[in-house]
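In what follows, a single structure is set out as structure tokens and then discussed.
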Amino acid sequence: MSPSPHPPPAPSARLLSLDALRGFDMCWILGLATLTEQILKSAFPTSPIVSTIALQFDHADWAGFRFFDLIFPLFLFLAGVSLAIATPRRMARDGRSATIRHLLARAAILVTLGIIYSGGVKNGWDQIRWLGVLQRIGIASAAAGLLSLELRARGLTIAAATLLIGYFLLLRFVPVPGVGTGNYAEGMNLTNHLDSIWLPGRKYDGDHDPEGLLSTLPAIATALLGLLAGKWLTGSASPLRKAAGLIAAGLLMLVLGWAWHPYFPVIKKLWTSSFVLVAAGWSALLLALFYSIVDVLGWRRGLSPFLWVGANPIALYLFSGFGFFRLITERLVTTPPPPYDWLPAAMTFALMLATAQWLHRRQIFLKV
């Protein structure tokens, strides 16, 4: 076989497509979804098409999958891709022990930030939300990173499959007191039951949490699938083959996820194994698209805002969650009547982008 005319990027090279896709993902959380929905409803208030589109900017009530259900698992998938780039580099530079300490310290910092983000101790120690979005990112990515120190691609694939199948078997065959086995309804399943018994503090949904204890296991699989995608992208295959491989893997995971759905429903709040596959399938397809456009074709036009946001996602998430952009908007813009009621959302989103650009232009990257 003749060598590829396109030399692969070095394992430590930064994939701009990763920043761009991460920024694309975060923009929807940081106001783009609200702004898009408000503009569409103001422009077409009676359109059934707009109503259908607007549903995609909210989570499915329980079983099912909408666009907004992809935002969180896509970010966790991309955290796995980042691990495939950063962990080998840190191993080569600092050694194994330092890499392990970094993974554990990063997880501890994200868990702490997540607790503060969710209210901290302002309502008392018994009202702390111990598990949440940032906590899940920290724990799942640390677990995936530690596994990557011990296992090659085949072992990581087996680990992800074991977590997904094992989680299904637990929910399918371990009985819930007073309910029995194989019930996936809210409050009637093993995941929610264990949260109600063993998860202390405040839970997001009463006595259980969508980022609870048992559902952390399939979340680790999400990070592992992203890590495998990152290993593939930093491997020796040609760019065309890399993109094709991501597309093939994405389509396969979508087929497997929806084929599993009748037996183990796609439910984000349980992070079911079928949900992991469906979300990872779409994540792989989006990564293939952004990789092809940004890193292979070298296209940057119009993507700068995503690159700005993708370079500081956690910092911007915290700024937004603490109300930084919203508070400034409330002091600069009144609430106008329809059809201009989208202006405050536009101002909030513009402030976020301006902050992201300011940080990026000064090469300030607030990483954990």
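For (1) closer than 19 Å to LEU353 by Cα; (2) within 12 Å of the chain's Cα centre (by Cα), each residue gets a yes or a no:
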residue: ARG22; (1), (2): yes, yes
residue: LEU30; (1), (2): yes, no
residue: THR34; (1), (2): yes, no
residue: PRO45; (1), (2): no, no
residue: VAL50; (1), (2): no, no
residue: ALA60; (1), (2): no, no
residue: PHE67; (1), (2): no, no
residue: LEU76; (1), (2): no, yes
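Answer with yes or no whether LEU307 is in contact with a Ser or Thr (Cβ under 9 Å, 6 or more places away or on another chain), open to solvent by less than 40 Å² (accessible area, probe 1.4 Å) and assigned to a helix (DSSP H, G or I). When the stated conditions are applied, LEU307 does not pass them. Here VAL121 fulfils each of the conditions (1) among the β-branched types (Val, Ile, Thr); (2) modelled with pLDDT under 95; (3) within 30 Å of TYR340 (Cα to Cα) apart from (3). With respect to the conditions (1) touching a residue at least 24 places away in the same chain (Cβ under 8 Å); (2) surrounded by fewer than 20 Cβ atoms within 10 Å (Cβ to Cβ); (3) farther than 30 Å from ALA288 by Cβ, LEU359 falls short on a single one, namely (3). Per the conditions (1) open to solvent by 40 Å² or more (accessible area, probe 1.4 Å); (2) of a type in the set (Phe, Trp, Tyr); (3) more than 19 Å from ILE29 (Cα to Cα); (4) out of contact with any Ser or Thr (no Cβ under 8 Å at 6 or more places or on another chain), the sole criterion not satisfied by TYR340 is (4).
In region 223-242, is there at least one residue being closer than 30 Å to THR181 by Cβ, touching a residue at least 60 places away in the same chain (Cβ under 8 Å) and in contact with a Phe, Trp or Tyr (Cβ under 6 Å, 6 or more places away or on another chain)?
no
Scanning region 310-345 for residues that are in a loop (DSSP other than H, G, I, E, B) and at pLDDT below 95 yields a total of 12.
Listed here are the residues, each with its yes/no results for (1) surrounded by 21 or more Cβ atoms within 10 Å (Cβ to Cβ); (2) closer than 20 Å to VAL266 by Cα; (3) of a type outside the set (Lys, Arg).
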site: ALA153; (1), (2), (3): no, no, yes
site: GLY166; (1), (2), (3): no, yes, yes
site: PHE173; (1), (2), (3): no, yes, yes
site: GLY180; (1), (2), (3): no, no, yes
site: TRP198; (1), (2), (3): no, no, yes
site: THR222; (1), (2), (3): yes, yes, yes
site: LEU225; (1), (2), (3): yes, yes, yes
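The residue that is surrounded by the most Cβ atoms within 10 Å (Cβ to Cβ), among those in region 316-337 that are more than 21 Å from LEU359 (Cβ to Cβ) and not acidic (Asp, Glu), is VAL333.
The values are calculated or read from the model by the stated rules, or taken from the named source; none is laboratory data. Predicted, not measured: the structure shown is a model, and the values here were computed from it. FYI the Cβ positions are ideal-geometry reconstructions off the backbone, even for glycines, and counts take in every protein chain you see. Please note that ligands, DNA and RNA were not included when accessible areas were found on the heavy atoms of the full protein model with its side chains. Shrake-Rupley method; radii C 1.70, N 1.55, O 1.52, S 1.80 Å.
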